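Worksheet for the structure shown next.
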Amino acid sequence: MKDDDGIADSANPVAEVVEDDNREAARGRYGWLSLVVAAIFGLFFAYDVWAAIGNMIALPDFYDAEGFGAENVPWWLLWIGVLIPIAAFGIAFVIGRRRNVGIKALVFLVGLAVAAGLGIGILGLEDVLRPEVVTVVR
């Protein structure tokens, strides 16, 4: 008989999964548990990207409705808003490479908080820049 009949046949399958993930982390790889954590956080980062793309679509109409003109939309700022969550996820993925699953989850959480904070900051910066657009247009 084999000593290792698989994770499902072990006395503590959860400990086996975590131990397997720790072995993969020591080799610089993501185990399947870490990939699940990364995918779950990836959905939250994708929501941030989706919201930023929504801002890119809605802001020109808002500028037209307010009389600023769509040509005065700060596109550079909107593109930064799209790129921040993508970059934050990538950086968190690389930083968490050799960490255990709990630390990886914490790194992704910090990355998500940074991306959300910078996204709100970009919305605030657009609000601050809008009076400049008004004085240039009028």
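The values are calculated or read from the model by the stated rules, or taken from the named source; none is laboratory data. Note that the coordinates shown come from a computational prediction; the quantities given were computed from them, not determined experimentally. Every residue, glycine among them, receives a Cβ derived from its backbone with ideal geometry; neighbour counts consider all protein chains shown.
Tabulated data
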{"quantity": "Checklist (1) in contact (Cβ under 8 Å) with a residue 24 or more places away in the chain; (2) touching a helix residue (DSSP H, G or I) at 6+ places or on another chain (Cβ under 7 Å); (3) closer than 24 Å to Val18 by Cα applied to Ala116, failing item", "calculated": "(3)"}
{"quantity": "Residue ID - surrounded by the fewest Cβ atoms within 10 Å (Cβ to Cβ), chosen from residues in the range 26-39 that are modelled with pLDDT under 90 and small (Gly, Ala, Ser)", "calculated": "Gly28"}
{"quantity": "Any hit, the range 60-67, residues being more than 30 Å from Ala15 (Cβ to Cβ) and either in contact with a Ser or Thr (Cβ under 9 Å, 6 or more places away or on another chain) or among the hydroxyl-bearing types (Ser, Thr, Tyr) (or both)", "calculated": "yes"}
{"quantity": "Counted residues, the range 44-102 - those being of a type in the set (Asp, Glu) and touching a residue at least 40 places away in the same chain (Cβ under 8 Å)", "calculated": "1"}
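Here is a yes/no grid of residues against (1) of a type in the set (A, V, I, L, M); (2) modelled with pLDDT of 95 or more; (3) over 12 Å from the mean Cα position of the chain (by Cα); (4) surrounded by 17 or more Cβ atoms within 10 Å (Cβ to Cβ):
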{"residue": "Phe41", "(1), (2), (3), (4)": "no, yes, no, yes"}
{"residue": "Phe45", "(1), (2), (3), (4)": "no, yes, no, yes"}
{"residue": "Pro60", "(1), (2), (3), (4)": "no, no, yes, yes"}
{"residue": "Ala88", "(1), (2), (3), (4)": "yes, yes, no, yes"}
{"residue": "Ile91", "(1), (2), (3), (4)": "yes, yes, no, no"}
{"residue": "Arg98", "(1), (2), (3), (4)": "no, no, yes, no"}
{"residue": "Gly102", "(1), (2), (3), (4)": "no, no, yes, no"}
{"residue": "Phe108", "(1), (2), (3), (4)": "no, yes, no, yes"}
